[in-house]
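Enquirer: Dumping the structure here so I can ask a few things about it.
The values are calculated or read from the model by the stated rules, or taken from the named source; none is laboratory data. Predicted model, so just to flag it, every value in this text is computed and none were measured. Note: ideal-geometry Cβ built from the backbone for every residue, glycine included; neighbour counts use all protein chains shown. Areas reflect the complete protein model, heavy atoms only, side chains present, ligands, DNA and RNA absent. Shrake-Rupley method; radii C 1.70, N 1.55, O 1.52, S 1.80 Å.
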Amino acid sequence: MPESTIHTEHLCRSFGRIAAVDDLSIDVPSGIVFGFLGPNGAGKTTTIHLLLGLLEPTQGQARVLGFDTRSQADEIRARSGALLEFSGLYERMSAEDNLDLYGRIYRMPGPERKARVKELLTHLDLWDRRKDKVGKWSRGMKQKLAVARALFHHPPLIFLDEPTAGFDPVAAAALHADLTSLVTREGVTVFMNTHNLAEAEKLCSQVGVIRNGKLVTIGNPKELHSSKGGQKVEIIGRDFNEHILTALQARPEVKRVELQINRLLFELGADGKVGPLVTLIIQSGGEVEEIRRTGTSLEDLFLALMKEENK
Amino acid sequence: MSDLRTIMWKEWKDLRSGTRSNFILPLWIVTIMGIVLPLTFKLRWINLDAAPILIILYVPFMLITSFIGDAIAGERERHTLETLIASRISDRAILLGKVLVTVGFCWGMTVFCLLLGAVVVNLTQGPGPWLFYAPLNLFLVLLVLSLLTTLLAASAGVLISLKSATVRQAAQTMILGEIVLGLVVYGVVSLLPASVTASLTTSQIVLIILLVLVVLDAILLWASLVSFRRSRLVLG
């Protein structure tokens, strides 16, 4: 297996005058969950279509699992699994038949297909419902089955396009748990499109942010926090007032401070220390009871990046 | 071949597990073509008069309209085609698998109706020798013509379905196409000088029809194979 499972160089795809993907250069190492973040219409789905060789790039090139997406797309599709924007399940067929179909497509022998159906459906607690027509299932169950289908033929790489879009938090958490356990067990590389930042933060060891087809940033979520975002600190106490707020706003390490009832919310620079701020509050007549570091969420980082791009 | 078998397996499963409404049209066709019309025409049905011949040729068209639209436009509407084309299976296997199962089912229904019709006519005739379609040569030619018209309708259906957003739109366009085609055929036949038609024997007419159908089938199937491409489907 090559060092990078996915490697793109100045990849572009236009539809008429609209550049859906614009000069995209990324490397996705093997064995990780890579999150591709971006708002609706950012170019995430087009990127998956390009990587699967379903669309040809207008410029640039991409190699997936060592194969060129233009000339060796069949090889890529033979070695990868996909759960695209829709689950793509045959709702008039049973769960068992849906999986069996993809086993046949990937030319797995009959006994191996049977064993794999049992293994995956048992793991996902769907074995007892294997004869049901999938159309009768809940959306969460269908999506679990679609993940199982993507992994059915033991591919080294799977593409997931917004796997929890439109899910309630409970269903999303359940799918995350199943996805994590399956991906860990199968040891696959995952390329996951999402605009669910909590999902990306939870599952991905590397994320890329895309906007209007252009890559805005890429890296480990923690690295991105330290490079782009500051620390978040919450100080709880009494007698906080406008005078204290003004004094705190004047401090160079304070990027932003907000006063709420008995609570001060800070955004500090990367090197900002809390100690001097506490001293200042106490000297100004305030009383400090508790200090909490909340950190910057990926959501904050994402919104900051989108703001920067708008400017 | 194994890819073709896989798609045929899938299409057959999908067809068999369809909703009740999927079975209404075939049931209606079997009732009309296999029971009602043979009872009405009696021996004329078995002796292959002009009316039964037209019905035999037209029925597969009616069935195809419903089934090929579901196999192509329906699969795109239900968002299952996108996942299928993201797999390793070839465009050609997907298309041919769908066409073969649909044509096989619709033509099989026609043959079944004809056999049932023969049984019904014999039952109405009371005791006596068992009758079958006569002349047998014409019956066999009709079966071939019926297969060719089914394939023609399927290939045209693929092209229409690829340009239609929904199954309903595809079916409406196909019905309209059938009416136009019927009028064109009628117009061409009417415009032929009487001297031309009079100079041709029945065998020659049948041969010309067979040749025209084979050529049209080949052209439309080729056009379907060219149009059914991943890059086009993903943008569709």
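Enquirer: Test A:LEU99 against the stated conditions and say whether it is more than 14 Å from chain B (Cβ to nearest Cβ), closer than 19 Å to A:ARG185 by Cβ, touching a helix residue (DSSP H, G or I) at 6+ places or on another chain (Cβ under 9 Å) and open to solvent by less than 70 Å² (accessible area, probe 1.4 Å).
Expert: no
Enquirer: Follow-up. Please list, ordered by residue number, the helices (runs of 4 or more DSSP H) wholly in segment A:29-111 having 3 or more residues that are within 21 Å of A:LEU126 (Cα to Cα).
Expert: A:95-105
Enquirer: Provide a single number: the residues in segment A:260-280 that are polar (S, T, N, Q), within 12 Å of A:GLY237 (Cβ to Cβ) and surrounded by fewer than 12 Cβ atoms within 10 Å (Cβ to Cβ).
Expert: Adding up the residues that qualify gives 1.
Enquirer: Something else: Give A:VAL183, A:VAL207 a once-over and let me know the one that is buried (at least 16 other Cβ atoms within 10 Å of the Cβ), touching a residue at least 12 places away in the same chain (Cβ under 8 Å), in contact with a helix residue (DSSP H, G or I) (Cβ under 9 Å, 6 or more places away or on another chain) and in a strand (DSSP E or B).
Expert: So the residue among A:VAL183, A:VAL207 that is buried (at least 16 other Cβ atoms within 10 Å of the Cβ), touching a residue at least 12 places away in the same chain (Cβ under 8 Å), in contact with a helix residue (DSSP H, G or I) (Cβ under 9 Å, 6 or more places away or on another chain) and in a strand (DSSP E or B) is A:VAL207.
Enquirer: When the residues of segment A:266-292 are narrowed to those that are within 38 Å of the chain's Cα centre (by Cα) and assigned to a loop (DSSP other than H, G, I, E, B), which ends up modelled with the lowest pLDDT?
Expert: Checking each candidate, the answer is A:ALA270.
Enquirer: In segment A:38-74, which residue that is within 12 Å of A:GLU9 (Cα to Cα) and of a type in the set (Gly, Ala, Ser) is farthest from the other protein chains (Cβ to nearest Cβ)?
Expert: Filtering first and then ranking leaves A:GLY60.
Enquirer: Need at least 1 residues that are open to solvent by 30 Å² or more (accessible area, probe 1.4 Å) and away from chain A (no Cβ under 14 Å) per element, so show me which helices (runs of 4 or more DSSP H) inside segment B:1-75 make the cut, counting only ones lying wholly within it.
Expert: Correct list: B:20-29, B:37-41, B:43-46, B:50-69.
Enquirer: Follow-up question, since we're still on this one. If the requirement is being more than 25 Å from B:MET109 (Cα to Cα) and either open to solvent by 50 Å² or more (accessible area, probe 1.4 Å) or more than 14 Å from every other protein chain (Cβ to nearest Cβ) (or both), which of these qualifies: B:GLY157, B:GLY187, B:GLY177?
Expert: Selected residue: B:GLY187, the only one of B:GLY157, B:GLY187, B:GLY177 that is more than 25 Å from B:MET109 (Cα to Cα) and either open to solvent by 50 Å² or more (accessible area, probe 1.4 Å) or more than 14 Å from every other protein chain (Cβ to nearest Cβ) (or both).
Enquirer: State which residue is nearest to B:ARG92 (Cα to Cα) when the search covers only segment B:190-236 and only residues that are in a helix (DSSP H, G or I), within 14 Å of another protein chain (Cβ to nearest Cβ) and open to solvent by 80 Å² or more (accessible area, probe 1.4 Å).
Expert: It comes out as B:ARG232.
Enquirer: Now for a different question. State yes or no: is A:ARG149 open to solvent by less than 10 Å² (accessible area, probe 1.4 Å), part of a helix (DSSP H, G or I) and either touching a helix residue (DSSP H, G or I) at 6+ places or on another chain (Cβ under 6 Å) or within 30 Å of A:ALA42 (Cβ to Cβ) (or both)?
Expert: The answer is yes for A:ARG149.
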